[in-house]
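> One structure, as structure tokens, below. Some questions next.
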Amino acid sequence: CSRWEEEKKEDGVKWTQLEHRGPYFVPLYEPLPEDVQFYYDGKPLKLSLATEEIATFYAKMLDHEYTTKEIFQNNFFHDWRKEMTSEEQEIIKDLDKCDFREIHKYFVDKNEARKALPKEEKQKLKEEADKIQEEYGYCIMDGHREKIGNFKTEPPGLFRGRGEHPKMGMLKKRIMPEDVVINCSRDSKIPEPPEGHKWKEVRFDNTVTWLASWTENIQNTLKYIMLNPSSKLKGEKDWQKYEVARRLKDVVHKIRAQYRADWKSREMKKRQRAVALYFIDKLALRAGNEKEEGETADTVGCCSLRVEHIRLHPQLDGQEHVVEFDFLGKDSIRYYNKVSVEKPVFKNLQVFMKNKDPTDDLFDRLTTTFLNKHLQHLMDGLTAKVFRTYNASITLQEQLKALTNPEDNVGGKLLSYNRANRAVAILCNHQRSTPKTFAKSMQILQEKIDAKKKQVEEAQEEVKKAEEEFENTKDAKAEAKVEKKKKLLKRLEEQLARLNVQATDKEENKQIALGTSKLNYLDPRISVAWCKKFGIPIEKIYNKTQREKFAWAIDMAGEDFEF
């Protein structure tokens, strides 16, 4: 039987056997060479080892936007001073007097030198990395050798966070074996901690899937070492996620009827729930969790929207009942959208906003927990998140049906695929900033197109010449020449068309991130079925890592798969 279909375990049990080497700890700090100096107030100052290490974290980031931000500077300086010796604290009292430029240059040069290494040297480094991967990067789970996702601890450094994170610049401490909880099976060879160290704890908990965990010091959250997405365990979990979304398809019309009825409910709480659910369903908004203030950047989801995040327009741009959304969502990505909504929704929003301050909650009676409890009651396993997966997958499937032209060549079909994927990314608001290299690579592509156009024009001339020659001589040799020149012209025209498609694709894609939806929201069986149906190699859609992650779908889906 395939490894996706082995015997099921009893509820809650995730494995019966688990053996691994424990995490790989990043190498210890290497002191700077004598001739690379830190300057304070214009004078060189020799730092103690711990202080110097933290100075290098800041120095490495000098050409980064972060180090220009006041919050970052203040948090860094505060945490750095805590780690200094008392002598250093006496001297170093002002970040503006610190000069890290020499240290910065040292690391830039070191980086360049590594890039410029001869091929054999690079090969040697690669072999060393592979050896570590072989030794630490795999575990044995239930008799299968499985790849581990992140087997290295995170190196110490300065916390960055997304958007305007209040904790940016704080010191991320080095993870020591004493911080780490190991999880494995009782009868396995228990991993040895590095020499002179011991683990915080060793557990034998087969109801969780992580191999090691520790608490990071900035957000005080738990970090885990987990299996790689290509593992059986993660594959099954992924498959289950899409199966839940497919079950939603059968009841979604009932749920929609229910929330529409609830717009007129007597209970304010129910009305708010129904409007929020409409947004989550129609606009694929995230549910949005309650958050501690000052702990994270000020971002919201549907349930945590505030009055200031929406504006109501009875009429706008020729549409009625328009809601204008403007807020920062997950990872501080701005969500901006103007949507025409149904009249009862618009009327309800007017009620929800009445007599409230801009910073008051829009859905003041609603929590994500209350919403999800209601959804669980409507369908087993249903949460707000499932709507996003469902709407993303169904959109891809519908767009592929609408956009794919069976007559197109592979390039044309792939453009249609990417356009369908873009529709999903726009629905889910997956943006990226235009890549720094965009203009350059677009220019190179444009030069290729111009050169190819010239070749096509030349080939057209050649065909014309050959035809004239044949007109005059009417001999077989001249006729063969016409055929040959026409063939060449056709090939060049196809190449030009391909390049033009590439340029269109690139331009349409410059501010849209396709990867997020492809990896997390789209049932891979839809794409696999599409490839099989239209004879497109799967490699054109999924790279090697993605093919490993979606091996279960590639095994499973025939060309007739319907989400």
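> Take each of the peptides 263-276, 459-472, 387-400, average the number of other beta-carbon atoms within 10 Å over its residues, and list them starting from the highest.
Per-residue Cβ counts within 10 Å, averaged per peptide and sorted highest first, yield 387-400, 263-276, 459-472.
> Follow-up. Using the crude model of +1 on Lys and Arg Cβ and -1 on Asp and Glu Cβ, and no other charge, please compute the dipole size for the chain relative to its Cα centre, in debye to 20. Mind dumping the intermediate values first?
On the way: 103 positive and 97 negative charges, 394 e Å.
Magnitude of the dipole: close to 1900 debye.
> Please state, as a whole number in µm²/s, the translational diffusion coefficient that the Stokes-Einstein equation yields for the range 38-119 at 4 °C and 1.567 mPa s, with Rh defined as the Kirkwood radius across alpha carbon pairs. Could the numbers behind the result be given before it?
Working: Rh = 13.6 Å.
Here the translational diffusion coefficient equals 95 µm²/s.
> Report the local net charge at T367: Lys and Arg +1, Asp and Glu -1, summed over other residues whose C-beta lies under 14 Å from its C-beta.
Working: positive: K269, K270, R273, K291, R365, K373; negative: E290, D361, D364.
So the environment of T367 carries a net charge of +3.
> Rank-order 419-428, 35-44, 479-488, 151-160 by packing density, defined as the average count of other C-beta atoms within 10 Å over each peptide's residues, highest first.
Working: 419-428: 20.9, 35-44: 13.2, 479-488: 15.1, 151-160: 17.8.
Put in order of decreasing packing, that is 419-428, 151-160, 479-488, 35-44.
> List the relative contact order of the chain as a percent without decimals, with contacts defined as Cα pairs under 8 Å and 6+ residues apart. Before the final figure, lay out each step's value.
Working: 763 pairs, mean separation 66.7, N = 563.
Relative contact order here is 12 percent.
> Still on this structure, I have one more. Over the chain, with the other protein chains present, what is the accessible area per residue in square angstrom, probe 1.4 angstrom?
Values: 32120 Å² over 563 residues.
Dividing the accessible area of the chain by its residue count gives 57 Å².
> Oh, and also: A 31 angstrom limit on the alpha carbon distance is what I want to check against. Which of K330/K354; K440/K544; K69/K173; K223/K540; K373/K401; K338/K532 exceed it?
On the way: K330/K354 27 Å; K440/K544 27 Å; K69/K173 21 Å; K223/K540 34 Å; K373/K401 35 Å; K338/K532 38 Å.
From the list (K330/K354; K440/K544; K69/K173; K223/K540; K373/K401; K338/K532), the Cα-Cα distance tops 31 Å for K223/K540; K373/K401; K338/K532.
> Amide H neighbours of I148 under 5 Å, at least 5 residues apart or on other chains, H built in the peptide plane: list them.
Y138, C139, N228
> Give the long-range amide H neighbours of L328: residues separated by 5 or more places, or on another chain, with amide H under 5 Å away, using H modelled in the peptide plane at 1.01 Å from N.
Amide H neighbours of L328: V300, Y335.
> Under 9 Å from the Cβ of V482, count the other residues' Cβ atoms, weight Lys and Arg +1, Asp and Glu -1, and hand me the total.
Values: positive: K481, K484, K485, K486; negative: E467, E469, E479, E483.
Residues close to V482 contribute a combined charge of 0.
> Rounded to the nearest percent, how much of the accessible area of the chain (1.4 Å probe, protein heavy atoms only) is carbon and sulfur? Please list the in-between numbers first.
Working: 15740 of 32120 Å².
Answer for the chain: carbon and sulfur cover 49 percent of the accessible area.
> Further, regarding this structure: Give the residue list of GluC sites (Glu not before Pro) in the range 119-205 that are DSSP loop and have at most 15 other beta-carbon atoms within 10 angstrom.
Values: sites: E120, E121, E127, E128, E134, E135, E146, E164, E178, E195, E201; in loops: E164, E195.
Qualifying residues, ordered by number: E164, E195.
> With the Cα gyration tensor of the range 217-364 giving a ≥ b ≥ c as the square roots of its eigenvalues, does the rule (a/c under 1.5 for rounded; else a/b larger than b/c for prolate; else oblate) give rounded, prolate or oblate? Let's see the in-between values first.
Numbers: a/c = 2.15, a/b = 1.39, b/c = 1.55.
Verdict is oblate for the range 217-364.
> So, in Å, what gap is there between the alpha-carbon centers of the range 503-563 and the range 389-454?
Using only Cα atoms to place each centre, the spacing works out to 13 Å.
> Something else: Just to confirm my numbers, what's the Cα centroid distance between the range 249-280 and the range 11-28 in Å?
The two parts, judged by their Cα centres, are 44 Å apart.
The values are calculated or read from the model by the stated rules, or taken from the named source; none is laboratory data. Not measured: the values here are computed from a predicted model. Using ideal geometry, Cβ is built from the backbone for each residue, glycine included, and neighbour counts are taken over all protein chains shown. In case anyone asks, the SASA skips ligands and DNA or RNA and just uses the protein heavy atoms, side chains included. Shrake-Rupley method; radii C 1.70, N 1.55, O 1.52, S 1.80 Å.
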